[in-house]
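The next block holds one structure in the form of structure tokens; read it before the comments.
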Amino acid sequence: MTERREPYLLTPGPLTTSATTKAAMLRDWGSRDAAFIAMNARVRERLVDLAGGRGSHVCVPLQGSGTFIVEAMIGTLVPPAGKLLVLVNGAYGRRMVRICEVARRAVATLEAAEDAAVDPAALDAALAADPAITHVAVVQCETTSGVWNPVEAVAEVTARCGRRLLVDAMSAFGALPLDAGRVRYDALVASSNKCLEGVPGVGFAIVRQTALEAAAGRAPSLSLDLHDQWAVMEKTQQWRFTPPTHVVAALDRALDEHAAEGGVAGRGARYRESCRILVAGLRALGFRTLLPDALQAPIIVTVHMPADPRFQFDVFYRELAARGFVIYPGKLTVADSFRIGCIGRVGAAEMRGVLAAIGEILDEMQVTDRGPAAGRGHGGERRVDT
Ligand SMILES: Cc1ncc(COP(=O)(O)O)c(C=O)c1O
């Protein structure tokens, strides 16, 4: 992790990738080229294996950013007469609600605070109260705050109540475990970027084959129809529309590197160590992080904006970028915050590097009071809807 040049992206994505993953894109592939077809099939199989879904689930890749595959999952799997209950504790849960509204699918929400996990007991009660609900959706790591939602418990309640589960695992897949053999879900979606450390441009769904087979002709969109994408790919081995060949090639290479690191366990261990160093270092510098350790996923850390009037986020951001570290504004609706990611091709050295840079900049800015203002944490505002 020392091949350095451009800034480290300590964000929720796009992320820092290895030089070898980028180099895998230095070739043009024809979409009907036998080598590309073999690579595409290999990537799909490896993703099913990573999800623990062999024999029950299939992988359907789709062009686009993460939102495209979330929208495709909901539109394809929730039938027009169905109803989705979305567990909301941040912007990505809210986005699923918006997707339902646009696709004209009936939707209900069960909300938790942005600094809390979703509540399986409340889900149990909500499902008992509304028999019209056919599906439940949950975000594994709500990247808005970095909170780790209890998907296993949510899956247990959903299955016991005879409903079907859809998981947005965008910022978790490849680093946080979610084995389809143990945790019952109909579909999970994630992307080439994020914890797999490929480049952005492809999303994929890991879908229970029987649920997908039942979904023919349901999607309210042609390009976001996962059944059609799957059926054509099974029949012809090809993508329906121009495939993002270079992105698939980079993902194939990124999956090699994921396996070499020890798979989900190995990648998760690096991220956990990075997160531990980052949180401890930020607290030692006097910052207050949003989440208690028990709720913090080792993906991205939300930090309360310091109360000191000498702290100006724009200056802080610019000075950090000048030192080679790109961070991210906050996305909370309830508190003024910023975020620092610990995913991508970065590790302990980069976490120590960014902490040292932050310490230097705070000294230069003469920021002494680094905690949030008393009573703050609710009502402050900084919202960036990306
Ligand atoms: C949990 C989650 N879901 C969905 C998305 C949407 O992905 P995109 O911004 O690539 O459309 C993101 C992006 O960070 C995410 O973290």
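The values are calculated or read from the model by the stated rules, or taken from the named source; none is laboratory data. Quick caveat, the model's predicted, so the values are computed rather than measured. Cβ: placed from backbone, ideal geometry, glycine included. Neighbour counts: every protein chain shown. We work out accessible area using only protein heavy atoms, side chains counted, and drop any ligands, DNA or RNA first. Shrake-Rupley method; radii C 1.70, N 1.55, O 1.52, S 1.80 Å.
Residues in the stretch 137-191 that are surrounded by fewer than 24 Cβ atoms within 10 Å (Cβ to Cβ), part of a strand (DSSP E or B) and not aromatic (Phe, Trp, Tyr): 2 in all.
Once the stretch 332-365 is narrowed to residues that are open to solvent by 40 Å² or more (accessible area, probe 1.4 Å) and either more than 27 Å from the chain's Cα centre (by Cα) or at pLDDT 95 or above (or both), the residue that is farthest from residue 310 (Cα to Cα) is 345.
Cβ separations smaller than 6 Å between residues 6+ apart or across chains give the following pairs from the stretch 289-318 residues that are modelled with pLDDT of 95 or more to residues that are open to solvent by 20 Å² or more (accessible area, probe 1.4 Å) and small (Gly, Ala, Ser): 295/117.
Name the single residue that is nearest to the ligand (Cβ to nearest atom) among those in the stretch 1-28 being open to solvent by 40 Å² or more (accessible area, probe 1.4 Å) and β-branched (Val, Ile, Thr). Outline the logic, then answer.
Within the stretch 1-28, the first condition is being open to solvent by 40 Å² or more (accessible area, probe 1.4 Å), and the residues that meet it are 1-7, 9, 14, 19-20, 22-23, 25-28.
Subsequent filtering for residues that are β-branched (Val, Ile, Thr) retains 2, 20.
On the way: 2: 27, 20: 23 Å.
In this case the residue turns out to be 20.
The single condition among (1) closer than 30 Å to residue 104 by Cβ; (2) surrounded by 16 or more Cβ atoms within 10 Å (Cβ to Cβ); (3) touching a residue at least 40 places away in the same chain (Cβ under 8 Å) that residue 240 does not meet is (3). Could you look through the stretch 192-210, keep only residues that are surrounded by fewer than 20 Cβ atoms within 10 Å (Cβ to Cβ) and outside any loop (DSSP other than H, G, I, E, B), and pick out the one that is nearest to the ligand (Cβ to nearest atom)? Out of the qualifying residues, it is 209. In the set (1) within 16 Å of the ligand (Cβ to nearest atom); (2) touching a residue at least 40 places away in the same chain (Cβ under 8 Å); (3) more than 30 Å from residue 334 (Cα to Cα), residue 185 fails one condition alone, (2). Here residue 298 clears all of (1) more than 30 Å from residue 329 (Cα to Cα); (2) in a loop (DSSP other than H, G, I, E, B) except the condition numbered (1). If you filter the stretch 97-136 down to residues that are under 17 Å from residue 78 (Cβ atoms) and among the small types (Gly, Ala, Ser), you find that the one that is surrounded by the fewest Cβ atoms within 10 Å (Cβ to Cβ) is 132. Got at least one residue in the stretch 216-223 being in contact with a helix residue (DSSP H, G or I) (Cβ under 9 Å, 6 or more places away or on another chain), aliphatic (A, V, I, L, M) and open to solvent by 30 Å² or more (accessible area, probe 1.4 Å)? Looking through the stretch 216-223, at least one residue is in contact with a helix residue (DSSP H, G or I) (Cβ under 9 Å, 6 or more places away or on another chain), aliphatic (A, V, I, L, M) and open to solvent by 30 Å² or more (accessible area, probe 1.4 Å).
Looking only at the stretch 366-378, decide whether some residue is at pLDDT below 95, under 27 Å from the mean Cα position of the chain (by Cα) and open to solvent by 70 Å² or more (accessible area, probe 1.4 Å). Yes, there is a match, as at least one residue in the stretch 366-378 is at pLDDT below 95, under 27 Å from the mean Cα position of the chain (by Cα) and open to solvent by 70 Å² or more (accessible area, probe 1.4 Å). Residues in the stretch 29-45 that are out of contact with any helix residue (DSSP H, G or I) (no Cβ under 8 Å at 6 or more places or on another chain) and either at pLDDT below 95 or at positive phi (or both) were compared, and the one that is most open to solvent (accessible area, probe 1.4 Å) is 32.
Once the stretch 29-66 is narrowed to residues that are under 18 Å from residue 201 (Cα atoms) and polar (S, T, N, Q), the residue that is farthest from the ligand (Cβ to nearest atom) is 31. Condition (residue is more than 16 Å from the ligand (Cβ to nearest atom), more than 24 Å from residue 229 (Cα to Cα) and free of Cβ contacts under 8 Å to residues at least 12 places away in the same chain) applied to the stretch 74-91: is it met by at least one residue? No: zero hits. Condition check: within 11 Å of the ligand (Cβ to nearest atom), under 20 Å from residue 191 (Cβ atoms), free of Cβ contacts under 8 Å to residues at least 60 places away in the same chain and of a type in the set (A, V, I, L, M, F, W, C). Does residue 69 satisfy that? In short, no.
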